[in-house]
Amino acid sequence: MEHTAHIEHHAEDGKKEVMRVTLILTVLTLVELALGFWMMKIEAQGTRLMIKGVIVILMMAKAFYIVGYFMHLKHEIRNMIMTIVVPLLLFVWFIGAFLYDGNSFKNLRMTYDSHKKEMSTKKVEKKEEVKETPEVKKAVE
Amino acid sequence: MSTSTTAPVTTKWWSGGKSPFNVEYGKLMMWYFLMSDAFTFGAFLIAYGTTRFATAGWPNPNEVFKSYPFAGENANAPLVFVSIMTFILIISSVTMVLAVKAGQEMNKKAVVNNLILTIIGGLAFLSCQAWEWTHLFHEGAWWGRNPFINADGTQSTTNFTNFFFTITGFHGFHVFSGVIINIVMLIMTLMDKFEQRGHYLMIEKAGLYWHFVDLVWVFVFTCFYLI
Amino acid sequence: MSNEAILHGSSAAVHEVHGDHHHEHHHHETFISKYVFSQDHKMIAKQFLITGMVWAVLGGLMSVLFRLQLGYPDAHFTWLENILGKFWVKDGRITPEAYYALVTTHGTVLVFFVLTAGLSGTFANFLIPLQVGARDMASPFMNMLSYWFFFGASVVMLSSMFVETGPFSGGWTAYPPLSALGSASPGSKTGMDLWIIAMALFVVSSLLGGLNYIATVLNMRTKGMSMTRLPLTIWALFFTAVLGVLSFPVLLSGFILLIFDRNFGTSFYLSDIFVNGVGALPNEGGSAILFQHLFWFLGHPEVYIILLPAMGMVSEILSVNSRKPIFGYMAMIGSLFAIAILAFLVWAHHMFVTGLNPFLGSIFVLLTLLIAVPSAIKVFNWLTTLWRGNIRFTPGMMFAIGFVSLFISGGLTGIWLGNSALDIHLHDTYFVIAHFHIVMGVASMFGMFAGIYHWYPKMYGRHLNNTLGYIHFWITIAGAYLIFWPMHYEGLAGMPRRYYDYSIWESFKQFGDLNRFISTVAMIVFATQLLFLFNFFYSIFKGRKVTAKNPYNSNTLEWTTPIRPGHGNWPGEIPEVYRWAYDYGKDGREFIPQTEPVGADESHH
Amino acid sequence: MTMYLILAVIVLVFLIIFQISKAAEYVAVLKGEEQNRKNTNKVNGFLMVSFLVVGLIGVWYCNKLFFGKTLLAVDSASVQGERVDSMLWITLTVTGVVFIITQILLFWFAYKYQESDKRKVFYFPHNNKLEVLWTVVPAIFLTVLVVIGLRNWFYFTGEPPKGAQEIEVTGKQFGWIFRYPGNDGVFGKKYYKVIDAGTNSLGLIWQDNADLNLKDDPATHDDIVAEQTMYIVKGKPVKLIIGSRDVIHDVGLSHFRLKADAVPGIPTTMWFTPKYTTEEMKKITNNPNFQYEISCDQMCGNGHYSMKGVIQVVTQEEYDVWMAKQKPYYLAAFPEKDPSNQKTDSTKTTAATTVASSLIAKK
């Protein structure tokens, strides 16, 4: 029957699509990891920030492929895509406002709490850290 | 997109008597549930971000997550173990897609095989997480305890570990319930429940949930391990 | 896609099967399956309503108790001691612990258990399937679970009232560190744990409900019932559900972090704390304001979760009883939509004095005052709906008109408070109490009463006693204004809210007489609500029987069902819909039901 | 006894109301629902318009009774508060006009268009012009209000003029602690872990502490700490740096029309210029007991209602006299460092030293 033939035909397509998306996800993850490794060696804050930006974009791309293909959203009716994607736009303001105010907390602390400001630059002596770890370990065990 | 099964352009999707999205209500509810769950995770991650923005220094993830099983005390392999975890989850997502596809083709055997693979993937991920947690615990990290210092050498607050354990724990809880759901699905498939119903829609819904878990990991992975 | 064919076929089939199924079975239902673990949306609605009413009485009683303290700070009510016990009343006076516990629980219960579950839970359940033309909710089972989670939340919340250290007493907003530290307030010990558990259960309940409502409105509409033919009630309830589904999870996250702070030594919200008698706490690096952001991300949409269903029902009732179409149907939907969107964007206007970043604050001011525009549209549209109508003052209609009046009075003061420079002065004073009680508390209560009076015949097949309804209405609206209007003046004197006693304050003690007056009116109004309760329960058994299928000559689908519809709502086929819900007074005809096909010579509007 | 009497009366009233309502119901059935509805309709229509009239009179009467008791009746005590007041009046005018018009329309329509057999309803489903009108007009008015509001908001939250006095305010359950920077004009560092409720209520870092990795900050040695009453100078801008020791409090200054939360771990600020001294305010308000009170406006526990602080606004001379009498907080904790102590009695000093050292040892 035409119907079953149709399904099989699509099944083939579907499998191909799955493999393609798997490949894309793998590549994206590998690129992310590569960036992560690269970032370890970089000290300059500006460059680090840029790499972080790229990683976030890659993250969004991965999310797009998972939602679009694995979760099949890309093949749903446009209206449904809209009802799911549009409310997610709320996250833009959600994230923006929260992080902005978070940053403002830091500024207030650094401006008016001179002790905190001092502590934010005061390095902990490495020795102490090494000493502390086994102690904590013992306490844990 | 198939044209023969999609209704012709003239169809009034919204005029009642049928689903405007051409999906049955269960799938619709699953989607909207996942959206609301996205807000739960979103709120956690945003709270984490806010705290990071409000804090002067933060530990370097590469210093923290640098070990892997059987590596001994002085392993220094950042990102390695977590990338394994990531791939496990991606692969289990793929097998889940295949299970869903097999369900659409009413291919019970393939459904069973792929579900089993997915469950194994889920369990493997959970085991990895269990190992990582115990490892960190033995290093002295736990809720309210943070042995790691900031990347710039300053004293760090406990919020690094607080958020790490809470959010990965919440994600792990989702993976765990996903595994349970998949096991239920497997049993139902083996009992021919879906054959009797004539469709494997339940598997699709379980699949949506499973992919969502994978999706969340994409964000958690980036937020905690990479940046 | 391959499965679409199956799906499409089966979804229709499921639909049919669904209906038939109930026909076969609804004869041999047991008591348990009919009244307790019922999956019939109408029964679940009644369960929500009655549980909500129980909570309303308890919550109201709490307000009477703490108003006793505020109105009569020097009096000694020794008899109260015998009823409530030593924790609550000492020496004939309500203790500060009890006072703060009462204020807190009053807020929590009224906002969540009465006006969210009792209002939107009741009417979403009752009206959505009936008005969109569905046999039941998309998932009757989840619907049942939704009620039982709510019931569980109620039980836990109630039990929190009886723990030894007292119920939670840090205000319904539960700001940490106060709510996180048992050492800072005895109410933040076990009482708070139970409070959080109850709220978590409540979130689950509202999620289960909300998903169901959305899926039902989208998927289960009868043939011809396009979205633009839906009654405004359904639109309002739909947006309410969307608000709940997207905002409650954020609250849940906030609570989970709070639980960790309380019990597991984390410091998400805690930093730099020294508690008297305990000493310095180890927590550093958290921010207490983070919780407020998370809380109000729910908290503000919550206001509209409470208000939108009332708006929707009022629109419907005003139109039916003015015998006129609702004015500006599309504008009404548009303004509901605008309100729903803006609800998510304005949360930090509750936090203008927390040290919020000024620039961020200015954007929140802008967005907040934007809400006034859709609100104004709604008010003017309601007024125009009344204009040149033929108004029948049923009790439901009276409450609907009362709602509009209160919404105007309370909404306008929102313009004061939304403007941050003024909010600095008025924040946390009685002005705020007056504002939100009028616009959100009493107005939504009025919406709820309007709904109950209007749909009571459909719910129980009997009429409420109208005379009692009129008495109820007039005392309640007069009382509401008498209670809350003078509070604006207290607020303008800077009188802070949540004070147990004002006698030591030179700046605020001049309102002793007024407070006594307010408390007295509050008691009278509370007693009047008992009159309503009596009417409600008496009429279930003894009320005048409904004789006509469509007692109001209303257009909507619920009046096409039998007087006492069974599970499945329509005995035969679900009727098809041909027009919008508001053809009143068209072409000289009094009303044209939605089920009537459009005639060839009918005029267009 | 009175209790039972009241109860009996309530029950009686209920019964009477119930009987009347029941009778009305029977009458309704006898007369026919149609006729009955028309009768009640007339009554309710009349009540609607009466409610409007009585209500508007009530609004006026309420204002007459209470306006004098609000802050609007007296001048704002701060320069900034004048802006708040003028904004209040503008907003009141706009919303008041809308309030009166819409309420009149609502109840008047309800009365005018009550059911009548003669009237044919006007089928009026929508009118784009009208809808646009009442979208645009409110939007314009709101824009004006937003502009005024934001200008004030940025002014209030901005930086005070140079030369402003700085005072640190710390809330605790249930009271206020004030710190003045002392002669050096700098607030010394503080850390909450060295707080000692008795001798170091703010946790000033005035000695080394190896455990906490702290170094003595000399800037703390001249800081002046006072509880409950804060002194500020008339006409001189004052900037408050606000914090909290335990839970969230709020510095509410209703006479100055300002407030700001006190949050543990996140400092907040507020500034204003007082216009009148406390003495002058006593005359203006005609209240010999007048005080500038600091009210805690954020729920902070069971003692919330009693968390009162006082601000004394004084002239510069009075302030200088008062300041001269204050001793640094450091010297209260370490009396042996006090030069005036050392001269007088050596035995006393040693006793004090032992007390101080025992305190340190306890920590």
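The values are calculated or read from the model by the stated rules, or taken from the named source; none is laboratory data. What you are looking at is a predicted structure, and each value in this text was computed from that prediction instead of being measured. Glycine also receives a Cβ, built like all others from the backbone with ideal geometry; neighbour counts cover every protein chain displayed. Please note that ligands, DNA and RNA were not included when accessible areas were found on the heavy atoms of the full protein model with its side chains. Shrake-Rupley method; radii C 1.70, N 1.55, O 1.52, S 1.80 Å.
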Given the conditions (1) among the hydrophobic types (A, V, I, L, M, F, W, C); (2) buried (at least 18 other Cβ atoms within 10 Å of the Cβ); (3) at pLDDT below 85, report the number of the one that residue C:49 does not fulfil. (3)
If the requirement is being touching a residue at least 12 places away in the same chain (Cβ under 8 Å) and more than 14 Å from chain C (Cβ to nearest Cβ), which of these qualifies: D:313, D:263? D:313
Output the number of residues of segment C:262-278 satisfying the condition of being of a type outside the set (A, V, I, L, M), open to solvent by 10 Å² or more (accessible area, probe 1.4 Å) and more than 7 Å from every other protein chain (Cβ to nearest Cβ). 3
Candidates C:455, C:505, filtered to the one that is outside any helix (DSSP H, G or I), out of contact with any Cys (no Cβ under 6 Å at 6 or more places or on another chain), open to solvent by less than 10 Å² (accessible area, probe 1.4 Å) and of a type outside the set (Lys, Arg): C:505
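So that you can scan it fast, the table gives a plain yes or no per residue for (1) open to solvent by less than 10 Å² (accessible area, probe 1.4 Å); (2) at the interface with chain D (Cβ under 9 Å from one of its Cβ atoms); (3) part of a helix (DSSP H, G or I):
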| position | (1), (2), (3) |
| --- | --- |
| C:331 | no, yes, yes |
| C:360 | yes, no, yes |
| C:382 | yes, yes, yes |
| C:398 | yes, yes, yes |
If we keep just the residues of segment B:125-149 that are in contact (Cβ under 8 Å) with a residue 40 or more places away in the chain and within 23 Å of the chain's Cα centre (by Cα), which is surrounded by the most Cβ atoms within 10 Å (Cβ to Cβ)? B:125
Going residue by residue through segment C:527-549, is there one that turns out to be farther than 30 Å from residue D:6 by Cα, out of contact with any strand residue (DSSP E or B) (no Cβ under 6 Å at 6 or more places or on another chain), assigned to a helix (DSSP H, G or I) and not small (Gly, Ala, Ser)? no
Would you check which residues across segment C:249-301 are part of a helix (DSSP H, G or I) and among the small types (Gly, Ala, Ser) and list them? C:253, C:254, C:288, C:299
Can you name the number of the only condition in (1) buried (at least 24 other Cβ atoms within 10 Å of the Cβ); (2) more than 10 Å from chain B (Cβ to nearest Cβ) that residue C:253 fails? (2)
Would you call residue C:524 of a type in the set (Val, Ile, Thr) and assigned to a loop (DSSP other than H, G, I, E, B)? no
On the basis of being open to solvent by 50 Å² or more (accessible area, probe 1.4 Å), touching a Phe, Trp or Tyr at 6+ places or on another chain (Cβ under 6 Å), touching a residue at least 24 places away in the same chain (Cβ under 8 Å) and not small (Gly, Ala, Ser), does residue D:192 make the cut? no
When only residues in segment B:36-66 that are within 7 Å of chain C (Cβ to nearest Cβ) and either of a type outside the set (S, T, N, Q) or part of a loop (DSSP other than H, G, I, E, B) (or both) count, which is farthest from residue C:209 (Cα to Cα)? B:55
Tally, over segment D:259-287, of residues that are under 16 Å from residue C:507 (Cβ atoms) and open to solvent by less than 10 Å² (accessible area, probe 1.4 Å): 3
Identify, please: which residue in segment C:552-589 is in a loop (DSSP other than H, G, I, E, B) and aromatic (Phe, Trp, Tyr) and is, among those, surrounded by the most Cβ atoms within 10 Å (Cβ to Cβ)? C:582
Residue by residue through segment C:339-358, note down the ones that are outside any helix (DSSP H, G or I) and facing chain D (nearest Cβ under 10 Å). C:351, C:352, C:353, C:354, C:355, C:356, C:357
Picking from D:172, D:129, D:162, the residue that is crowded, with 19+ Cβ neighbours inside 10 Å and either more than 9 Å from chain C (Cβ to nearest Cβ) or touching a residue at least 60 places away in the same chain (Cβ under 8 Å) (or both) would be D:172
Based on what the data block shows, is residue C:302 more than 14 Å from chain D (Cβ to nearest Cβ), at negative phi and within 17 Å of the chain's Cα centre (by Cα)? yes
